[in-house]
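Engineer: Pasting in a structure now, in structure tokens, and then I'll have a few things to ask.
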């Protein structure tokens, strides 16, 4: 290629590197590979018959055909006769290779088209990679996105995630009872980011326990700096979340830190979750203590761990606390079991309820 064209070409690569963050080396390798394919097709030759040399430092852009010197030519594309080779240089011998630089006119068209195509492709790839990196850095984070559209039939909500592109909040990741309108700002939890050929596929949720966990990490400085640790979380989105916390500093009350002065910290989170109830309990290494605390707001008389391979226990509560311990439609007991990892059998203090029924 002519020098003026070469200079323009390398300047364009330099500009792309600055503006788009596309490494020139990366593009050069891609362009080289694509030109080899294009020349192969045009001249009906194989890979080792094409030599492409792009030297950014010297501003050189060359392509040549490499042909084997033979006594008798069987393939005029990949071979050259000894007689013809010796017209170029008398010392040529059979088995050597004749390198013929492609003329700018022949090669320029292929190079220009190929470079354009590769650069366009490179820009798309780089944008996808940047988008993917941007989103991967925000995995397990909360993002405030704006609602682009709501599908009235399927219930899916399309969101604009800012630099991270777009994502869909499917119905099964939406909080029951919440309504969504176009243009509304919505906090979503990024569950997972998977790179695909079309860019990052982002899995988002409003129901994931991670949403509440991150809200507390953002809102409570003691959690952010590691003084207080969230040991377990169980959630039934839109209704109730149970959060088990522990303090690594004897002077800091973990539950108090999460609740905040006059309940300000937890209140802010409850507000953002549209009134979802949040029980904050103190985690304990002693599993019986932990189970007692997890059944909050109900008071517990005793916890008996049951023998067997499955983690099970029997919990006795005062008679008047039974419905509170079980919760509406069994929710409190269910969340307690999820939080502690134990199957929980709740019994009233006065004796086993329903023992004569259905026997």
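The values are calculated or read from the model by the stated rules, or taken from the named source; none is laboratory data. What you see is a predicted model, and the numbers here were worked out from it, not measured in a lab. In this analysis, Cβ positions are derived from the backbone assuming ideal geometry, glycine residues included, and neighbour counts consider all displayed protein chains.
Engineer: Could you tell me how many of the residues in the range 144-166 are under 23 Å from residue 196 (Cα atoms) and part of a loop (DSSP other than H, G, I, E, B)?
Structural biologist: The qualifying residues number 3.
Engineer: To continue, here is another question. Which of the residues spanning the range 52-68 are out of contact with any strand residue (DSSP E or B) (no Cβ under 6 Å at 6 or more places or on another chain) and touching a residue at least 12 places away in the same chain (Cβ under 8 Å)?
Structural biologist: Once the filter is applied, which keeps residues that are out of contact with any strand residue (DSSP E or B) (no Cβ under 6 Å at 6 or more places or on another chain) and touching a residue at least 12 places away in the same chain (Cβ under 8 Å), the range 52-68 yields 56, 59, 60.
Engineer: Within the range 275-291, which residues are outside any loop (DSSP other than H, G, I, E, B) and either touching a helix residue (DSSP H, G or I) at 6+ places or on another chain (Cβ under 8 Å) or closer than 19 Å to residue 241 by Cβ (or both)?
Structural biologist: 277, 278, 279, 280, 281, 282, 287, 290, 291, listed by residue number.
Engineer: Okay, next question. Restricting to the range 81-125, name every residue that is part of a helix (DSSP H, G or I), touching a strand residue (DSSP E or B) at 6+ places or on another chain (Cβ under 7 Å) and farther than 28 Å from residue 23 by Cα.
Structural biologist: 82, 85, 88
Engineer: Please give the number of the condition residue 77 fails out of (1) surrounded by fewer than 16 Cβ atoms within 10 Å (Cβ to Cβ); (2) part of a helix (DSSP H, G or I); (3) in contact with a helix residue (DSSP H, G or I) (Cβ under 8 Å, 6 or more places away or on another chain).
Structural biologist: Tallying (1) surrounded by fewer than 16 Cβ atoms within 10 Å (Cβ to Cβ); (2) part of a helix (DSSP H, G or I); (3) in contact with a helix residue (DSSP H, G or I) (Cβ under 8 Å, 6 or more places away or on another chain), residue 77 fails exactly one: (2).
Engineer: Further, regarding this structure: Where the second residue is outside any loop (DSSP other than H, G, I, E, B) and modelled with pLDDT under 95 and the first is at positive phi and assigned by TED's automatic domain parsing to the domain that holds residue 183 and lies in the range 141-168, which pairs have Cβ atoms under 7 Å and are six or more apart or on separate chains?
Structural biologist: 155/171; 165/131; 165/199; 165/200
Engineer: Right, here's the next one. Scan the range 224-263 for residues that are part of a strand (DSSP E or B) and out of contact with any strand residue (DSSP E or B) (no Cβ under 8 Å at 6 or more places or on another chain) and jot them down.
Structural biologist: Hit for the range 224-263 is 236, nothing else.
Engineer: Taking residue 96 and the conditions (1) modelled with pLDDT of 85 or more; (2) under 33 Å from the mean Cα position of the chain (by Cα); (3) within 22 Å of residue 47 (Cα to Cα), which numbered condition does it fall short on, given that it satisfies the others?
Structural biologist: Only one criterion in (1) modelled with pLDDT of 85 or more; (2) under 33 Å from the mean Cα position of the chain (by Cα); (3) within 22 Å of residue 47 (Cα to Cα) is unmet by residue 96, namely (2).
Engineer: Going through the range 182-209 one residue at a time, which ones are out of contact with any strand residue (DSSP E or B) (no Cβ under 8 Å at 6 or more places or on another chain) and buried (at least 18 other Cβ atoms within 10 Å of the Cβ)?
Structural biologist: Of everything in the range 182-209, just one residue is out of contact with any strand residue (DSSP E or B) (no Cβ under 8 Å at 6 or more places or on another chain) and buried (at least 18 other Cβ atoms within 10 Å of the Cβ), namely 199.
Engineer: From the list 222, 182, 178, 192, pick out the single residue that is at pLDDT 95 or above and either in the same structural domain as residue 273 (by TED's automatic domain parsing) or more than 27 Å from residue 257 (Cα to Cα) (or both).
Structural biologist: 222
Engineer: Sticking with this structure for a sec: Condition (residue is exposed (fewer than 13 other Cβ atoms within 10 Å of the Cβ), part of a loop (DSSP other than H, G, I, E, B) and in contact with a strand residue (DSSP E or B) (Cβ under 9 Å, 6 or more places away or on another chain)) applied to the range 210-223: is it met by at least one residue?
Structural biologist: Checking the range 210-223: not a single residue is exposed (fewer than 13 other Cβ atoms within 10 Å of the Cβ), part of a loop (DSSP other than H, G, I, E, B) and in contact with a strand residue (DSSP E or B) (Cβ under 9 Å, 6 or more places away or on another chain).
Engineer: Follow-up. When the residues of the range 21-62 are narrowed to those that are in a loop (DSSP other than H, G, I, E, B) and modelled with pLDDT of 85 or more, which ends up nearest to residue 78 (Cα to Cα)?
Structural biologist: Only one residue fits best here, namely 45.
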